[in-house]
Amino acid sequence: MKRIAIRARIVLSILAGGIFAPLFSQTLSMDYIYGGVDDAEVFLQEYLKPYANILGSDLNAGWYNTARPHQLGGLDITATVSWAKAPSSALSFDLADLELNGTIEPNPGTVAPTIAGEQEQRPTLSYTQMVDMGGGNMQEVEYARFTVPDGAGVDFFPLPMAQLTVGLPFGTDISARFIPMVGYKDYGEIGLWGVGGKHSISQWLPFLKEMKFLDISVQGGYTNVTSSVHIVLEPQSLVDPDPYPDYDWDDQFITMKVEGWTLNLIASQTFPVISFYEGIGYASSMVNLLTEGHYPISTVILDESSADYGEVTYEIVENPIEMSYKNFNNLRVNVGARLKLGVLTLHYDFTYTLYATQSVGIGISFR
């Protein structure tokens, strides 16, 4: 029951607009940074990849539900929710395939969950340093040990957004989507904005102009999401003595900037009450991630003049991790249907790009 309650809280938090913040705050352990920045970046790249791809897929969905542009001054206001789902292959990864400096404990194996997966028994990583204690006595000192973090057990999440589209001259629409930067409890904050456009090709081709039910257009869009998540990582228990016992670790944040852009050739067939639409094109996305603040990186005291020679300590490193996920020029295929009941519209579509993505929406349209 406790696990079900945690999952329900995560999903409700996402639907409320928190998206990354509640998930990261509840499931993202930063213990792996104890073993060093290099290993932390390698691990984090694999661990977070499913959510980077999910969000990249979500951002490029929901831009259109018809290829027919508005007349000059026409407009619609649409609320859409898109959700991409990670495939089963994205729920875990093998630590043995990564170039890590740490040692993987033999039990229970080397397979670890990504943030989208879930796994009760998880590998443990340990880090050691050989220290010359004098007289040829070499001693192996363990300065970091941790079990890799579990995932959230959530392999999809919805991205809601509101979009305004206005008709311009020459068979052209312009669209804008926007969510102001909002905070979610003590977890962090998130904001979204995007711009897009659509231009009719049919108007320039006489044989298509005669087919009143058919419209063909080109469409493009760009969306930007910025989020910041507060975390707290203190020195591990192996540290003795603590060189900074009163240090305040409250300045730690994971910040992300996510960009998605798409360019498509779209078509729609308009009939009374119902329309069908299709699209094919390219979609790209990029996620930039930065750990801001000060973090304790474990090490061993190797200064032979120190009274604590050979003991475990830590160094304070500022903004230790900066990394990115880049997915460029992915084929994007889309099919959907729209119902128009007076000025009210309802639509559903399926898109495949990085991951399979579904979108549902409701809107008010004045053409």
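The values are calculated or read from the model by the stated rules, or taken from the named source; none is laboratory data. Everything numeric in this text was worked out from a predicted model, so none of it was measured. Virtual Cβ from ideal backbone geometry, glycine too; neighbours counted across all protein chains shown. Quick note on the areas: whole protein, heavy atoms, side chains included, nothing else; ligands and nucleic acids left out. Shrake-Rupley method; radii C 1.70, N 1.55, O 1.52, S 1.80 Å.
For the list (1) open to solvent by 80 Å² or more (accessible area, probe 1.4 Å); (2) closer than 24 Å to G361 by Cα; (3) free of Cβ contacts under 8 Å to residues at least 40 places away in the same chain, I need the number of the one condition that G191 fails. Of (1) open to solvent by 80 Å² or more (accessible area, probe 1.4 Å); (2) closer than 24 Å to G361 by Cα; (3) free of Cβ contacts under 8 Å to residues at least 40 places away in the same chain, only one is false for G191: (1).
When you scan the stretch 122-131, do you find a residue that is at positive phi and not basic (K, R), even just one? For the stretch 122-131, residues at positive phi and not basic (K, R): absent.
For the stretch 86-98, name all the residues that are surrounded by fewer than 18 Cβ atoms within 10 Å (Cβ to Cβ) and either in contact with a Lys or Arg (Cβ under 9 Å, 6 or more places away or on another chain) or farther than 19 Å from G153 by Cβ (or both). Matches in the stretch 86-98: D94, A96, D97, L98. One residue stands out among those in the stretch 328-359 that are among the hydrophobic types (A, V, I, L, M, F, W, C) and open to solvent by less than 60 Å² (accessible area, probe 1.4 Å): the one that is nearest to Y277 (Cα to Cα), which is A337. Step by step: first the residues of the stretch 99-119, then only those that are without any contact (Cβ under 8 Å) to a residue 24 or more places away in the chain and part of a loop (DSSP other than H, G, I, E, B), then the one that is nearest to F157 (Cα to Cα). Which residue is that? The extreme case among them is T110.
Of the residues making up the stretch 287-301, those that are of a type in the set (V, I, T), touching a Phe, Trp or Tyr at 6+ places or on another chain (Cβ under 7 Å) and touching a residue at least 24 places away in the same chain (Cβ under 8 Å) are V287, I297, T299, V300. When each of A52, A61, A90, A79 is tested for being within 13 Å of the chain's Cα centre (by Cα) and touching a residue at least 24 places away in the same chain (Cβ under 8 Å), the lone residue that passes is A52. In the set (1) at positive phi; (2) open to solvent by less than 50 Å² (accessible area, probe 1.4 Å), F170 fails one condition alone, (2). Please state which of the following conditions G56 fails to meet, knowing it meets all the rest: (1) crowded, with 17+ Cβ neighbours inside 10 Å; (2) under 16 Å from A152 (Cβ atoms); (3) modelled with pLDDT under 90. Failed condition: (2). When Y127 is tested against (1) over 30 Å from L91 (Cβ atoms); (2) over 20 Å from the mean Cα position of the chain (by Cα); (3) touching a residue at least 60 places away in the same chain (Cβ under 8 Å), exactly one condition is not met: (1).
For the stretch 76-96, the set of residues classified as assigned to a strand (DSSP E or B), among the hydroxyl-bearing types (S, T, Y) and more than 30 Å from T165 (Cβ to Cβ) consists of S92 only.
Filtering the stretch 216-275 to residues that are of a type in the set (A, V, I, L, M, F, W, C), farther than 22 Å from L289 by Cβ, open to solvent by 30 Å² or more (accessible area, probe 1.4 Å) and not in a strand (DSSP E or B) leaves L238, F271, V273.
The condition (being open to solvent by less than 70 Å² (accessible area, probe 1.4 Å), of a type in the set (D, E) and free of Cβ contacts under 8 Å to residues at least 60 places away in the same chain) is satisfied by just one residue among E304, E315, E278: E278.
The residues of the stretch 203-215 that are free of Cβ contacts under 8 Å to residues at least 40 places away in the same chain and either open to solvent by less than 30 Å² (accessible area, probe 1.4 Å) or part of a helix (DSSP H, G or I) (or both), listed by number, are Q203, W204, P206, F207, L208, K209.
For the stretch 339-347, the criterion of a residue being under 18 Å from W83 (Cβ atoms) and at pLDDT 95 or above is satisfied by at least one position. If you go through the stretch 36-53 and keep only what is of a type in the set (G, A, S) and modelled with pLDDT of 90 or more, you end up with G36, A40.
Every condition in (1) under 30 Å from G293 (Cα atoms); (2) modelled with pLDDT of 95 or more is met by V182 except one, and the failing one is (2).
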